[in-house]
Amino acid sequence: MPAIKTYTGECHCQAVQFEITTDFPELTTCDCSICRKKNALMVKVSESAMNIISGSDFLSAYQFHTHTATHYFCKVCGIYTFHRKRVTPDYFGVNVYCLDDVELKGIAVRATDGIGML
Ligand SMILES: [Zn+2]
């Protein structure tokens, strides 16, 4: 497992920059209707471990179904950066491919059940 530290991340055009603090206990995939289409690989962090450095004006929010989860993406480049989770709304799922300088190899990946959530 990588050491616990603060990792920076950004969308493709770098309008949105953020940082998270985690030791990557696991990565998750999800088979819900939106995560499948995003092909998302995520790490879960509490909102206290997540900080938007710049570009919050560039974030668009997308909601559907129960309108609890909020899926954010950059309105310039379209990249999914993170989302506020539905079952645990004080947590974010973060797109690990937006993060800088993290070695993902060797971190366990857990497939979570999204499609079964009604
Ligand atoms: Zn962008």
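The values are calculated or read from the model by the stated rules, or taken from the named source; none is laboratory data. What you see is a predicted model; the values in this text were computed from it and never measured. Here the Cβ is made from the backbone with ideal geometry for all residues, glycine too, and neighbour counts use every protein chain on show. Side chains are part of the model used for accessible areas, which takes the heavy atoms of the whole protein and leaves out ligands, DNA and RNA. Shrake-Rupley method; radii C 1.70, N 1.55, O 1.52, S 1.80 Å.
Brief remarks follow.
- Only helical runs count toward this figure. For the chain, summing -39,500 (n - 2.57) over DSSP H runs of n ≥ 4 and dividing by all residues gives -1000 deg cm²/dmol at 222 nm.
- Taking all protein chains into account, the per residue accessible area for the chain stands at 57 Å² (1.4 Å probe).
- Prolate/oblate/rounded label for region 5-112 (Cα gyration tensor, a/c 1.5): rounded
- Modelled label reach - residue 48, point 7 Å along Cα→Cβ, region 9-39 residues with backbone N closer than 16 Å: 20-23
- Among the protein heavy atoms of the chain, carbon and sulfur supply 52% of the accessible surface, probe 1.4 Å, non-protein parts ignored.
- Paramagnetic label reach from residue 57 (point 7 Å along Cα→Cβ; backbone nitrogen cut-off under 18 Å): within region 64-78, residues 73-78.
- Here r is the Cβ-Cβ distance between residue 3 and residue 105 and R0 is 25 Å; the resulting FRET efficiency, rounded to 0.05, is 0.95.
- Within straight-line reach of residue 5, meaning a Cα separation under 24 Å, sit the following lysines at least 8 residues removed in sequence or on another chain: 44, 85, 105.
- Of all stretches in the chain that contain no GluC sites (Glu not before Pro) in a DSSP loop with at most 15 other Cβ atoms within 10 Å, the longest one is 27-102.
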